[in-house]
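Visitor: Quick one: the structure is below, and I'll ask about it shortly.
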Amino acid sequence: MENLPVGPEYLLGPGDELVVSIWGKISGEHILRVDREGKVNFPVLGLLQISGLTFSEAKDYLERRGVPVRGVFPGAGGGGSPQAGGAGHPGGVA
């Protein structure tokens, strides 16, 4: 299975990866993995609990804090899951 970006209703979980863009001291695109406890260590914001949020909820949460999120990619270990309605919602992200 290809590592395709997920749709907005995808539930984040351990092993999932977020692609974020950060500007400032540590500018660039970063790939951050959700750890076993459901947290992501953002270089600017520190540890944030995001497991259990949908991609859309996590994206809104992070963007309100000034962290543009480009996409989420399901972890190889079977991280999160789609919410009611489908098989992973591969494809577009906002």
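Each value in this text was obtained by applying a stated rule to the coordinates, not by laboratory testing. Just so you know, these numbers come straight off a predicted model, no measurement behind them. Cβ placement follows ideal geometry from the backbone for every residue including glycine, while neighbour counts extend to all protein chains displayed.
Visitor: Once label points are set 7 Å from the Cα along Cα→Cβ at both ILE31 and VAL19, what is their separation, rounded to one decimal in nm?
Guide: Going from the ILE31 label point to the VAL19 one covers 0.9 nm.
Visitor: Taking 0.36 nm per intervening residue step and subtracting the Cα-Cα distance, what contour gain separates ARG70 from GLU57 on full extension?
Guide: Working: separation 13, 0.36 × 13 = 4.68 nm, distance 1.35 nm.
Taking 0.36 nm per residue and subtracting the Cα distance, the gain is 3.3 nm.
Visitor: Could I ask something else about it? Tell me which residues come under 5 Å, amide H to amide H, from ARG70 once H is placed; ignore anything under 5 positions away on its chain.
Guide: Excluding prolines and chain starts, which carry no amide H, the hits are VAL19, VAL20, SER21.
Visitor: Please order ASP16, ASP35 by the number of other Cβ within 10 Å, starting at the fewest. Before the final figure, lay out each step's value.
Guide: Details: ASP16 27, ASP35 13.
Ordered by Cβ neighbours within 10 Å, fewest first: ASP35, ASP16.
Visitor: For ILE31, what is the net charge nearby, where nearby means another residue's Cβ is under 13 Å from its Cβ and Lys, Arg count +1, Asp, Glu -1?
Guide: That works out to -1.
Visitor: Let me ask something additional. Which of rounded, prolate or oblate describes the stretch 11-74 when judged by the alpha-carbon gyration tensor and an a/c cut-off of 1.5?
Guide: Since a/c reaches 1.5 and a/b is larger than b/c, the shape of the stretch 11-74 is classed as prolate.
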